[in-house]
Amino acid sequence: MGRIEDRFETLRTEGRKAFVSYIMAGDPDYETALSVMKGLPEAGVDIIELGQPFTDPMADGPTIQKAGQRALAAGQTLERTLEMVREFRKGDDETPIVLMGYYNPIYSRGVERFLSDARDAGIDGLIVVDLPPEEDDELCIPAQRAGIDFIRLATPTTDDKRLPKVLQNTSGFVYYVSITGITGAAAAEAEDVAPEVARIKAQTDLPVIVGFGIRTPDSSAAIAGVADGCVVGSAIVAELAAGKPVEEVLAFVRGLADGAHRA
Amino acid sequence: MADDLLNSFMTGPDEKGRFGDFGGRFVSETLMPLILELEERYEYAKTDQSFWDEMHDLWTHYVGRPSPLYHCARLTEELGGAKIYMKRDELNHTGAHKINNVLGQIILARRMGKDRIIAETGAGQHGVATATVCAKFGLKCVIYMGAHDVERQKPNVFRMRLLGAEVVPVTSGRGTLKDAMNDALRDWVTNVRDTFYCIGTVAGPHPYPAMVRDFQSIIGKEAKEQMHEAEGRLPDTIIAAIGGGSNAMGLFYPFLDDKEVRIIGVEAGGKGVNEKMEHCASLTGGRPGVLHGNRTYLLQDDDGQILEGFSISAGLDYPGIGPEHAWLHESKRAEYVSITDAEALEAFKLCCATEGIIPALEPSHALAHVMKIAPELPSDHIICMNMCGRGDKDIFTVAEALGVDISAPG
């Protein structure tokens, strides 16, 4: 079993919901991002989503866009992101890491080379925003063959007819995008999310994690309560953008994680 | 490659939206159902006589098609070689070829029940065309335009606002066409249920590259018929400027299987195609990558980060190119060259002085290549270039480049 499956098995046994946190690799610089990343498990994070910066993040709002620009300006590359994961793995071999980003930096490196480097570095899953099931041959199938989970986004526009296609080659977990929109935008309401999660769970045994629009411990608790867990990204990135010291950022993360865990 | 086995260059894209390895549907899941619905509705419209009747009626009475095919007698004489024709798409309503495509997409949007239209624009020609057709049909219109382009294309910004469109200046990135397209996609993903994204060029996820090409290929169809009337034969060379590549695809497509016709696309060479990347010549200076929903040639660094292009022409200032052009380049059916800002300015001036036509900076690039090759060709060699836009919008940029202060009292 991989780290993602292991982690969900543990959470199930303990009867807890998963708290997933997103940070941008290299934001505001490599060292700061690495020390935040190292502190995430201790702050209660069950799965780490690590963003790979891209110049043209079409699905992201201003908060993540700017984080990516800061990281790129500070010299972040895909190689440095892999390096960050290698460094993290020296002290933590259990917390699953999901790399999230866009296809072009991966395509540019070469899919096979990237997958072998990613696996060696200790990356467990991939979320690639601009690779829908229609493009599964590009990366999804090769990744799964290389032992890396390919986590798909399901959205409010993914209707029942399309859902099986979205779930078909998904592994690890399903990431339900709670709103039609970009990251860091409108707030998700648990009462709207609940039936959507139920709709997805009727068609898969994979855990369903909900993200987009969650920014407080209360919304973290409310959303995790109607799913298998929740993801927070922009709200954490905004703390870093505000220049908060690492300890304060991690304290903020702990509040969100506690929210999800009391659900 | 199996290109020798190709019987036709006109069969693409395949069912995955690919032209060879290029094209595809690289979009987020939120947009995917809509893209598939659009494809289905477009496939239906393609063979629906009532759709094309509506198009042709508007092309004739609203746009003013067919646009003339014009023999440039003085320019021909001046260059002293090949016989030069211009396809006068700058005479269309709104002053460029853009409206050919906008009409098609808006008719489709109305048939899909969408009442809010969004678009990206660079030089502002696509934005003006979209705002125009939205005004005509009473649709809500939001135009995304890079802040840098808003500054250098003020007349078009004012036009769009007069036509009732909301113009949103985009400040992310360097504030040009690429950034405008990012924000248009962000709007679309947010308002996916009531909004139609009217893409202005032959790029984006399938079916856009094929759909926009089909709407623009009226240019090539007319040019072919008009050339038969004027000369009784095909042109020897056809030339068009390329940013995303819609006017070029429109001219080229009906000629793709006429293998004796030489096809040349002209990219924006900016300050020159060199390692400093101060240009927008994706095919000459880029390599394949994935951006804005399709795989194509892109200006990018070693790490797959997209580079900002550079061109005097806002309409060519885009780091990518339509996927069908990428395929025509690799299959060698078309040639792609680049022209610098300075060369385009020379062509701009020559066109004004010899033909009484103020060209847009975009087709000035195509004309600059005509100036390069025409003198070396025999007088029975026929060149047809696409004069795809008029230059009124560019006079401020040109004045600045020529060091003339037109705001100063005469």
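Can you pull out the buried accessible area for chains B and A, both sides counted, probe 1.4 Å, rounded to the nearest 100 Å²? The partial results should precede the final answer.
On the way: alone 15500 and 10900 Å², together 23400 Å².
So the total buried area for this chain pair works out to about 3000 Å².
Inter-chain neighbour count for B:18-31: the average number of beta-carbon atoms from partner chains within 10 Å of each residue's beta-carbon is 6.
Largest first, what is the accessible-area ranking of B:Met371, B:Met387, A:Met58 with a 1.4 Å probe? Please report the intermediate quantities before stating the final value.
On the way: B:Met371 50, B:Met387 0, A:Met58 25 Å².
Ranking B:Met371, B:Met387, A:Met58 by accessible area, largest first, yields B:Met371, A:Met58, B:Met387.
In this label model, A:Ala186 and B:Arg110 are separated by 2.8 nm, measuring between points 7 Å along each Cα→Cβ vector.
Rg and Dmax, both from the Cα atoms of the stretch B:10-145 and both in Å, are 18.2, 56.
Farthest towards the positive end of the charge dipole of the protein assembly as shown, among the residues B:Ser8, A:Thr170, A:Ile148, is the Cα of B:Ser8, using unit charges on the Cβ of Lys, Arg, Asp and Glu. For A:Lys66, the aspartates and glutamates whose Cα comes closer than 17 Å to its Cα, not counting residues fewer than 8 places off in the same chain, are A:Asp27, A:Asp29, A:Asp56, A:Glu239, B:Asp179, B:Asp183, B:Glu308.
When a/c reaches 1.5 or more, the comparison of a/b and b/c decides; with that in mind, is chain B rounded, prolate or oblate per its Cα gyration tensor? Rounded.
Direction-averaged shadow area of the convex hull around the Cα atoms of the stretch A:129-263, nm²? Could you put the intermediate results ahead of the total?
Working: hull surface 35.3 nm².
Quarter of the Cα hull surface area: 8.8 nm².
For B:Ser331 and B:Ala353, calculate 0.36 nm times their separation in residues minus their Cα-Cα distance, and state this gained length in nm to one decimal. It would help to have the intermediate numbers written out before the result.
Values: separation 22, 0.36 × 22 = 7.92 nm, distance 3.82 nm.
4.1 nm is the gain from fully extending B:Ser331 to B:Ala353.
Judged by the ratio a/c of the largest to the smallest principal axis of the C-alpha gyration tensor, the stretch A:3-261 counts as rounded, that ratio being less than 1.5. For the peptide A:132-138, the mean number of other protein chain Cβ atoms found within 10 angstrom of a residue's Cβ is 6. Apply 1/(1 + (r/R0)^6) to the Cβ-Cβ distance of B:Asp302 and B:Leu162, taking R0 = 30 Å, and write down the FRET efficiency to the nearest 0.05. Calculated value: 0.10. Each label was represented as a point 7 Å from its Cα along the Cα-to-Cβ direction; for A:Arg145 and B:Ala73 these points are 6.6 nm apart.
How shielded is A:78-86 by partner chains, expressed as the average number of their Cβ atoms within 10 Å of its Cβ atoms?
Numbers: counts 4, 2, 1, 0, 0, 0, 0, 0, 0.
Neighbouring Cβ atoms belonging to other protein chains average 1 per residue here.
With the whole protein complex present, B:His71 retains an accessible surface near 70 Å², based on a 1.4 Å probe.
Heavy-atom surface analysis with a 1.4 Å probe gives chain B a carbon and sulfur content of 51 percent of its accessible area.
Using a 10 angstrom cutoff on alpha carbons, build the Gaussian network for chain B and name the most mobile of B:Glu362, B:Glu324, B:Glu229. Among B:Glu362, B:Glu324, B:Glu229, the largest GNM mean-square fluctuation belongs to B:Glu229. Distance between the C-alpha centres of the stretch B:97-133 and the stretch A:161-192: 30 Å, rounded to the whole angstrom. Accessible surface of B:Val63, taken over heavy atoms with a 1.4 Å probe and every protein chain present, rounds to 10 Å². For B:Phe137 and A:Thr216, the FRET efficiency from 1/(1 + (r/R0)^6), where r spans their Cβ atoms and R0 equals 56 Å, is about 0.80. Taking all protein chains into account, the per residue accessible area for chain B stands at 34 Å² (1.4 Å probe).
Distance cut-off 29 Å, Cα to Cα: go down the list B:Lys87/B:Lys393; B:Lys140/B:Lys221; B:Lys140/B:Lys178; A:Lys90/B:Lys178; A:Lys161/B:Lys136 and report the pairs above it. Don't skip to the end; give the middle numbers.
Working: B:Lys87/B:Lys393 19 Å; B:Lys140/B:Lys221 32 Å; B:Lys140/B:Lys178 23 Å; A:Lys90/B:Lys178 40 Å; A:Lys161/B:Lys136 37 Å.
Check vs 29 Å cut-off fails for B:Lys140/B:Lys221; A:Lys90/B:Lys178; A:Lys161/B:Lys136.
For the stretch A:3-261, with every protein chain kept in place, what is the accessible area per residue (1.4 Å probe, Å²)? That works out to 35 Å² for each residue.
What FRET efficiency would be calculated for the residue pair B:Arg262, A:Glu42, taking the C-beta separation as r and a Förster radius of 45 Å, to the nearest 0.05? Numbers along the way, then the final one.
Details: r = 67 Å, r/R0 = 1.49.
Computed FRET efficiency for B:Arg262 and A:Glu42 comes out at 0.10.
Where q = 0.21 Å⁻¹, what log10 of I(q)/I(0) comes from the Debye formula for the stretch A:221-263, counting one point per Cα? Calculated log10 I(q)/I(0) at the listed q: -0.66.
A run of chain B free of exposed loop cleavage sites, with trypsin sites (Lys or Arg not before Pro) counted only in DSSP states other than H, G, I, E and B and at most 11 other beta carbons within 10 Å, reaches its longest extent at B:1-192. Taking a ≥ b ≥ c as the square roots of the eigenvalues of the Cα gyration tensor, the stretch B:276-410 is classed as oblate, since a/c reaches at least 1.5 and a/b does not exceed b/c. Net charge of the neighbourhood of B:Ile382, taken over other residues with C-beta under 14 Å away and scored Lys/Arg +1, Asp/Glu -1, is -1. Roughly speaking, what is the centre-to-centre gap between the stretch B:46-88 and the stretch A:42-93 when only Cα atoms are used, to the nearest Å? Here the two parts' Cα centres lie 51 Å apart.
What's the local net charge at B:Ala45, with K and R +1, D and E -1, over the other residues with C-beta under 12 Å away?
Details: positive: B:Arg41, B:Lys46, B:Arg110, B:Arg111; negative: B:Glu39, B:Glu40, B:Glu43, B:Asp48, B:Asp53, B:Glu54, B:Asp214.
Charge balance near B:Ala45 sits at -3.
Taking 0.36 nm per residue of sequence separation and subtracting the Cα-Cα distance, how much length would be gained by fully extending the chain between B:Glu231 and B:Leu36, in nm to one decimal?
65.9 nm
Annotation: B:Ser338 carries an accessible surface of approximately 30 Å², with a 1.4 Å probe and no ligand, DNA or RNA atoms counted.
Under the Kirkwood approximation for Rh and a Cα-based Rg, what ratio Rg/Rh is obtained for the stretch B:241-348?
Working: Rg = 13.3 Å, Rh = 13.9 Å.
For the stretch B:241-348, the value is 0.96.
Using a simple spin-label model with pseudo-atoms 7 Å out from Cα toward Cβ, A:Lys90 and B:Trp52 lie 6.8 nm apart.
This model, with +1 at the C-beta of Lys and Arg and -1 at the C-beta of Asp and Glu, gives the protein assembly as shown a dipole about its Cα centre of some 1060 debye. Compared with its chain on its own, the stretch A:96-112 contains the following residues whose accessible area drops by 20 Å² or more in the full protein assembly (probe 1.4 Å; ligands, DNA and RNA excluded): A:Tyr103, A:Asn104, A:Pro105, A:Tyr107, A:Ser108. Taking 4.7 Å between beta carbons as the limit, the unpaired Cys residues of chain B are B:Cys72, B:Cys198, B:Cys280, B:Cys351, B:Cys352, B:Cys384, B:Cys388. Of the GluC sites (Glu not before Pro) in the stretch B:135-227, not one is in a loop by DSSP (not H, G, I, E or B) with at most 16 other beta carbons within 10 Å.
The values are calculated or read from the model by the stated rules, or taken from the named source; none is laboratory data. Predicted model only: the values in this text are computed from it and were never measured. Ideal geometry is used to build each Cβ from the backbone, glycine not excepted, and the neighbour counts take in all protein chains shown. In case anyone asks, the SASA skips ligands and DNA or RNA and just uses the protein heavy atoms, side chains included. Shrake-Rupley method; radii C 1.70, N 1.55, O 1.52, S 1.80 Å.
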